[in-house]
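Presented below is the structure to which this report refers.
The values are calculated or read from the model by the stated rules, or taken from the named source; none is laboratory data. Computed from a predicted structure; not experimentally measured. Here Cβ is always computed from backbone atoms with ideal geometry, including for glycine, and neighbour counts include all displayed protein chains.
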Number of protein chains: 2
Amino acid sequence: MNFYPGPGALPLPVLKRIHTELFNFDGTGMSVMEISHRNPKIQFIIDDSVERIKRLMTLNDEFDVIFLQGGGSLQFLMVPMNFSEDGDYIDYIDTGYWAEKAIRAAKGLDRDLEIIASSADSYHTKVPNLAKVQLREKTRYLHLCSNNTVVGTQFHDFPKFSVPVVVDMSSDFMSKSMDTTNLSCIYAHAQKNIGLSGVTVVLIRKEMLTQVSENLPEFLDYRTHIARRSNYHTPPCFSIYVMWHILRWIEEDMGGLNQLGEINQKKADLLYNFIDSCALFDCPVEKQSRSQMNVVFTLPSKDLEQQFIQAAAESGIVGVAGHRTKGGCRVSLYNGVTIEAVSSLTMFMEDFAQNN
Amino acid sequence: MNFYPGPGALPLPVLKRIHTELFNFDGTGMSVMEISHRNPKIQFIIDDSVERIKRLMTLNDEFDVIFLQGGGSLQFLMVPMNFSEDGDYIDYIDTGYWAEKAIRAAKGLDRDLEIIASSADSYHTKVPNLAKVQLREKTRYLHLCSNNTVVGTQFHDFPKFSVPVVVDMSSDFMSKSMDTTNLSCIYAHAQKNIGLSGVTVVLIRKEMLTQVSENLPEFLDYRTHIARRSNYHTPPCFSIYVMWHILRWIEEDMGGLNQLGEINQKKADLLYNFIDSCALFDCPVEKQSRSQMNVVFTLPSKDLEQQFIQAAAESGIVGVAGHRTKGGCRVSLYNGVTIEAVSSLTMFMEDFAQNN
């Protein structure tokens, strides 16, 4: 049972399909790994993935969808590079580790960055109330991280702001249906909920592209990749191919994001309810801010936490250690994790609690 | 038979190994796709790949080896960003399509770039004589592209220059043993000779790193990735894993780069000798500049070229069309292409010549 924080568990039916067609993709007699990125079959995988994302998220044609390399880390630079100029105001919300990484990267550019809300005061155990966030008047955009994998918090709704809202959705993208009306740009690497590392999905409202700086290197300009349908240079074809299979699984096997979101909610409820009912485990995160994806908890001592992680490994349960910068425990419940796996985990935790 | 210019054919034993262990990597009970990038098994794949590259290329510890995302295209920016400052002289050699892309990207930065040698006069049918290249006195580095996939030329030796030499080796990296004494930085994406798109190998002489600008974004600074052993952010694990298998295949199955280079030479000789002996096909590239990797040739008319490409496809031979910007025909002979495949191709070409 795999509860890694990503890369992590993939849906078994997807793995089986990849395995079955590994030597012969779609009647070509070749592995999908061996097909040129200029072959129409690869462009079809790219285009069909775009269409599936739009359909699953009920996006209208106001959004462009592209697939890039470089993970969230490159987006930490591309977002300010594309959506602001030297000296511009840009507002960020600090909700811990990854939000801070985005802030540090953008601060390295010549922008006037301000952290206009932060959960640091509460040790990041709850997300700021977006309804109370005050933006600076001339700010070009607001940036936030929707799900905070290290601290186990999540924004569940996005109100309307007077400026474009850019969301790092790396760890909850495609985990549930989501209202994108008030969002202007969403980016997410694939290795949490939709596949392998190596590909990053970026959704951009077309109106954002009218003000991109003309001096941006072509490679770092979103418009380059939009114009070339994510095939400006050789795309990470295999990672896109695995994502495509997962998108098909979400749409055809699971029935869409509503159904998938319900399952993910059940998984999270099962684990949080057990933790809240058991004296040995403590989840420090405020209930309204709890992440559906990453459940962080502690035990009464570091020793006991180490024993727990060790005993879990011996029972075939991997990936329950907290982030290396934070300690404690963390269980990740991405799309590839089954409700049966969560159920087995709670039983294991119950046994452990009785014996300790 | 797959002669794609990359992504292209993979060695069959490698595909078989990937297929065999797809559900259970190294006794973990998990697919390699599902393992966290912080797991020691993934770091082992990264570190062992570094060691194998160093051993195969007989590099000493003067080189650092890292694995990045973004392909050659991102290196077109990272090279000038890391190895020069605003206003610095940087010298480039123009040998066609990809060299020009590197030049265009670097020109977008505030450097003083000069094309100090070019093969444009000969329509890129031969590479400039490096022994005659005159660098500008204060130039920070010389950049060149060792193998030119679109025009089918290749530099076969690298003399010593008074400044560091940076080589885009994307399409002949790991195809033969090579003297790196006179080179300071080598970069190559993997999808030609060592695997899948999505990962780019960069070799950097340590002395190059002492002068990197302090104002570079962390993500774009080579030192970031060196310090974190290519695990600064989530690496493209699966692409690295496939590369690792190909490196093992080169070392353990093929016996190293000398042996592999001999086979690649035989493949190229077979095809060039046939083309030179057959009146229907013409290779426009000067003999000393011919690429061992990409064999370009023409037929007497565009119509006949189309017929040839079509007939090849009907015989199960794919990837023989020339680059979309250039036309004609092109056959790529990367590591994954067997000598048997080349032999079958020349037989097909001979038949085609007899019937046309």
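Could you look through the range B:323-334, keep only residues that are within 12 Å of another protein chain (Cβ to nearest Cβ) and surrounded by 20 or more Cβ atoms within 10 Å (Cβ to Cβ), and pick out the one that is nearest to residue B:176 (Cα to Cα)?
Taking the candidates together, the pick is B:334.
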Subject >> Members of the range A:199-220 found to be closer than 19 Å to residue A:83 by Cβ and facing another protein chain (nearest Cβ under 10 Å), listed by number >> reply: A:200, A:215, A:216, A:217, A:218, A:219, A:220
Subject >> Sole exception among (1) of a type outside the set (A, V, I, L, M); (2) outside any helix (DSSP H, G or I); (3) within 14 Å of another protein chain (Cβ to nearest Cβ) for residue B:91, by number >> reply: (3)
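Every residue in the range B:21-38 that is over 21 Å from residue A:199 (Cβ atoms) and either touching a Gly at 6+ places or on another chain (Cβ under 9 Å) or charged (D, E, K, R) (or both), please.
Selection gives B:21, B:23, B:26, B:29.
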**OP:** Inspect the range B:16-24 for any residue being at the interface with chain A (Cβ under 10 Å from one of its Cβ atoms), at pLDDT below 95 and not in a loop (DSSP other than H, G, I, E, B) and give the result as yes or no.
**Re:** no
**OP:** Go through (1) in contact (Cβ under 8 Å) with a residue 12 or more places away in the chain; (2) more than 12 Å from chain A (Cβ to nearest Cβ) one by one and return the number of the condition residue B:171 breaks.
**Re:** (2)
Original post:
If residue B:280 passes every condition in (1) more than 14 Å from chain A (Cβ to nearest Cβ); (2) crowded, with 20+ Cβ neighbours inside 10 Å; (3) not in a helix (DSSP H, G or I) but one, which one does it miss?
Top reply: (2)
Original post:
Would a scan of the range A:42-58 turn up a residue that is part of a loop (DSSP other than H, G, I, E, B) and within 8 Å of chain B (Cβ to nearest Cβ)?
Top reply: no
Original post:
List pairs: first in the range B:228-256 and over 21 Å from residue B:336 (Cβ atoms), second assigned to a helix (DSSP H, G or I) and among the polar types (S, T, N, Q), Cβ under 8 Å, 6+ apart or cross-chain?
Top reply: B:229/B:43; B:231/B:43; B:232/A:73; B:232/B:224; B:233/A:73
**OP:** Can you confirm whether the range A:233-244 contains a residue that is more than 14 Å from chain B (Cβ to nearest Cβ) and either farther than 30 Å from residue A:13 by Cβ or surrounded by fewer than 16 Cβ atoms within 10 Å (Cβ to Cβ) (or both)?
**Re:** no
Original post:
Do you know which of the residues in the range B:63-80 that are part of a strand (DSSP E or B) and under 15 Å from the mean Cα position of the chain (by Cα) is nearest to the other protein chains (Cβ to nearest Cβ)?
Top reply: B:68
**OP:** Filter the range A:117-141 down to the residues that are surrounded by fewer than 17 Cβ atoms within 10 Å (Cβ to Cβ) and closer than 23 Å to residue A:213 by Cβ, then identify the one that is farthest from the other protein chains (Cβ to nearest Cβ).
**Re:** A:137
Original post:
Based on what the data block shows, is residue A:36 within 10 Å of another protein chain (Cβ to nearest Cβ), crowded, with 22+ Cβ neighbours inside 10 Å, more than 16 Å from residue A:169 (Cα to Cα) and hydroxyl-bearing (Ser, Thr, Tyr)?
Top reply: yes
**OP:** Spot the failing condition for residue A:29; the list is (1) at positive phi; (2) at pLDDT 95 or above; (3) surrounded by fewer than 22 Cβ atoms within 10 Å (Cβ to Cβ), and only one is missed.
**Re:** (2)
**OP:** Please go through the range A:115-151 and pick out each residue that is over 30 Å from residue A:328 (Cα atoms) and among the β-branched types (Val, Ile, Thr).
**Re:** A:133, A:139
**OP:** Would you be able to tell me the number of residues in the range B:198-217 that are in a loop (DSSP other than H, G, I, E, B) and of a type in the set (A, V, I, L, M)?
**Re:** 3
Original post:
Does any residue of the range A:6-14 turn out to be touching a strand residue (DSSP E or B) at 6+ places or on another chain (Cβ under 6 Å), within 7 Å of chain B (Cβ to nearest Cβ) and either within 30 Å of residue B:3 (Cβ to Cβ) or at pLDDT 95 or above (or both)?
Top reply: no
Subject >> Criterion violated by residue A:87 - all others in (1) modelled with pLDDT of 95 or more; (2) surrounded by fewer than 17 Cβ atoms within 10 Å (Cβ to Cβ); (3) in contact with a Phe, Trp or Tyr (Cβ under 9 Å, 6 or more places away or on another chain) satisfied >> reply: (3)
Subject >> Qualifying position, being in contact with a Leu (Cβ under 8 Å, 6 or more places away or on another chain), surrounded by fewer than 22 Cβ atoms within 10 Å (Cβ to Cβ) and either under 22 Å from residue B:197 (Cα atoms) or not hydrophobic (A, V, I, L, M, F, W, C) (or both), among A:107, A:41, A:101 >> reply: A:107
